[in-house]
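Engineer: Structure incoming, see below.
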Amino acid sequence: MATQRTFSIIKPDATKRNLTGKITAKFEEAGLRVVASKRIHLTKAQAGEFYAVHKERPFFDELTTFMASAPIVVQVLEGEDAIAKNREVMGATNPAEADEGTIRKEFALSIGENSVHGSDGPDTAKEEIAFFFSELEIVG
Ligand code: RTP
Ligand code: MG
């Protein structure tokens, strides 16, 4: 497996509890390198654009309200098999089902306020990185 890039968000529930460093350390311990990072505060409309794939789901309004409720930290993570590795270190969407040692097991509050987002495949990784970063902002 070659070096890959994936896109990550440290969500509002985590930034509010000052967990940016602890979550970033989990990525680094897993062998992922932060090659781009910035703290931003999305509008609800921007959150809706980012999560457009979920717009028909019953939790869409709750999700976009939450994502616009406080700052987030968006990052590009680079490493061997980065997409799968990131999903592994994140843990299951529902923290009650997340494995020991994962970010969501340790920090998530609920299925909605689950501390992190990570791209689910190579195509979404590319799209999500381009949504937030220009090539100049990514330094490998
Ligand atoms: P993410 O996209 O944030 O990395 O999370 P994921 O792949 O594990 O989960 P996904 O199915 O893509 O859902 C996106 C986010 O929507 C919220 N959600 N709420 N209330 C609910 O039943 C529910 N289900 C999903 C979560 O914040 C989830 O991460
Ligand atoms: Mg997802």
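The values are calculated or read from the model by the stated rules, or taken from the named source; none is laboratory data. Here the structure is a predicted model, which means the values were calculated and not measured. Glycine gets a Cβ as well: all are built from the backbone with ideal geometry, and neighbour counts include every protein chain shown. To get the accessible areas, we keep the full protein, side chains included, count just its heavy atoms, and leave off ligands, DNA and RNA. Shrake-Rupley method; radii C 1.70, N 1.55, O 1.52, S 1.80 Å.
Engineer: Kindly write out, for the range 49-64 in residue order, the coupling ³J(HN,Hα) from the Karplus curve 6.51 cos²θ - 1.76 cosθ + 1.60 (θ = phi - 60°), rounded to whole Hz, with x marking Gly and Pro.
Structural biologist: Values per residue, Gly and Pro as x: 5, 5, 9, 3, 4, 9, 5, 8, 7, x, 9, 4, 5, 4, 5, 6 Hz.
Engineer: In sequence order, what are the phi-derived ³J(HN,Hα) couplings for the range 14-22 according to the Karplus relation 6.51 cos²θ - 1.76 cosθ + 1.60 with θ = phi - 60°, rounded to whole Hz, with x for glycine and proline?
Structural biologist: 7, 5, 5, 8, 6, 9, 4, x, 5
Engineer: OK, next. Can you return the lysines within cross-link range of Lys55? Criterion is Cα-Cα under 29 Å, with same-chain partners fewer than 8 residues away left out.
Structural biologist: Lys11, Lys16, Lys38, Lys44, Lys85, Lys105, Lys126
Engineer: If you roll a 1.4 angstrom probe over the protein chains with everything in place, what fraction of the accessible area of the range 3-137 belongs to carbon and sulfur, to the nearest %? Don't jump to the answer; show the numbers that get you there.
Structural biologist: Numbers: 3500 of 7010 Å².
Carbon with sulfur: 50 percent of the solvent-accessible area.
Engineer: Oh, and also: Once you put a point 7 Å from the Cα of Gln46 and another 7 Å from the Cα of Glu135, both along the Cβ direction, what distance in nm separates them?
Structural biologist: 2.4
Engineer: Could you please put Val34, Val53 in sequence from largest to smallest accessible area, using a 1.4 Å probe?
Structural biologist: Numbers: Val34 45, Val53 125 Å².
These residues rank, largest area first, as Val53, Val34.
Engineer: Counting other Cβ atoms within 10 Å of each Cβ, which GluC sites (Glu not before Pro) in the range 18-87 have at most 13 and sit in a DSSP loop?
Structural biologist: Values: sites: Glu28, Glu29, Glu49, Glu56, Glu62, Glu78, Glu80; in loops: Glu56.
Listed in order of number, the matching sites are Glu56.
Engineer: Here's another thing I want to ask about it. Mind checking the dipole of the range 18-101: about its Cα centre, +1 per Lys or Arg Cβ, -1 per Asp or Glu Cβ, Debye to the nearest 20?
Structural biologist: Details: 10 positive and 13 negative charges, 87 e Å.
Roughly 420 debye for the range 18-101.
Engineer: A follow-up question, please. Please compute the net charge surrounding Gly48, taking Lys and Arg as +1 and Asp and Glu as -1 over other residues with Cβ under 10 Å from its Cβ. Don't skip to the answer; put the middle values down first.
Structural biologist: Working: positive: Lys44, Lys55; negative: Glu49, Asp61.
Net local charge, Gly48 excluded: 0.
Engineer: Take the Cα atoms of the range 43-123, find their three principal axes, and give me the spread along each one in whole Å, biggest first.
Structural biologist: Taking the Cα atoms of the range 43-123, the three principal extents are 33, 28, 24 Å.
Engineer: Write out the chymotrypsin sites (Phe, Trp or Tyr not before Pro) in the range 37-140 meeting two conditions: DSSP loop, and at most 12 other Cβ atoms within 10 Å of their Cβ. All intermediate terms of the calculation are to be shown ahead of the outcome.
Structural biologist: Values: sites: Phe50, Tyr51, Phe59, Phe60, Phe66, Phe107, Phe131, Phe132, Phe133; in loops: Tyr51, Phe59, Phe133.
Here the chymotrypsin sites (Phe, Trp or Tyr not before Pro) that fit, given the DSSP loop and packing criteria, are Phe59.
Engineer: So what's the convex hull volume per residue for the Cα atoms of the range 82-126, in Å³?
Structural biologist: Numbers: hull volume 2.8 nm³, N = 45.
Dividing the Cα hull volume of the range 82-126 by its residue count gives 62 Å³.
Engineer: What is the distance, in nm, between label points placed 7 Å from the Cα along the Cα-to-Cβ direction at Lys16 and at Thr124?
Structural biologist: 2.4
Engineer: Relative to the present Cα-Cα distance, how much length would full extension add between Glu56 and Glu97 at 0.36 nm per residue of separation? Please report the intermediate quantities before stating the final value.
Structural biologist: Values: separation 41, 0.36 × 41 = 14.76 nm, distance 2.44 nm.
This chain segment gains 12.3 nm when fully extended.
Engineer: So, how do all the Cα-to-Cα distances of the range 3-137 break down into 10 Å bins, in percent, from 0 on up?
Structural biologist: Result, from short to long distances: 13, 46, 37, 4 percent.
Engineer: Let me ask something else. When the Karplus curve 6.51 cos²θ - 1.76 cosθ + 1.60 is applied with θ = phi - 60°, which whole-Hz ³J(HN,Hα) does each residue of the range 105-121 get, with x for Gly and Pro?
Structural biologist: Using θ = phi - 60°, the values come out as 4, 7, 10, 5, 9, 6, 4, x, 8, 10, 6, 9, 10, x, 4, 9, x Hz.
Engineer: Still on this structure: Per residue, how much accessible area does the range 4-140 show when a 1.4 Å probe rolls over the protein heavy atoms, in square angstrom? Show your work: numbers first, answer last.
Structural biologist: On the way: 7100 Å² over 137 residues.
Per residue, the range 4-140 has an accessible area of 52 Å².
Engineer: Below 15 angstrom from the Cβ of Thr6, what's the summed charge of the other residues (Lys, Arg +1; Asp, Glu -1)? Please report the intermediate quantities before stating the final value.
Structural biologist: Details: positive: Arg5, Lys26, Arg33, Lys85, Arg87, Lys126; negative: Glu28, Glu78, Glu80, Asp81, Glu88, Asp120, Asp123, Glu127, Glu128.
So the surrounding residues net to -3.
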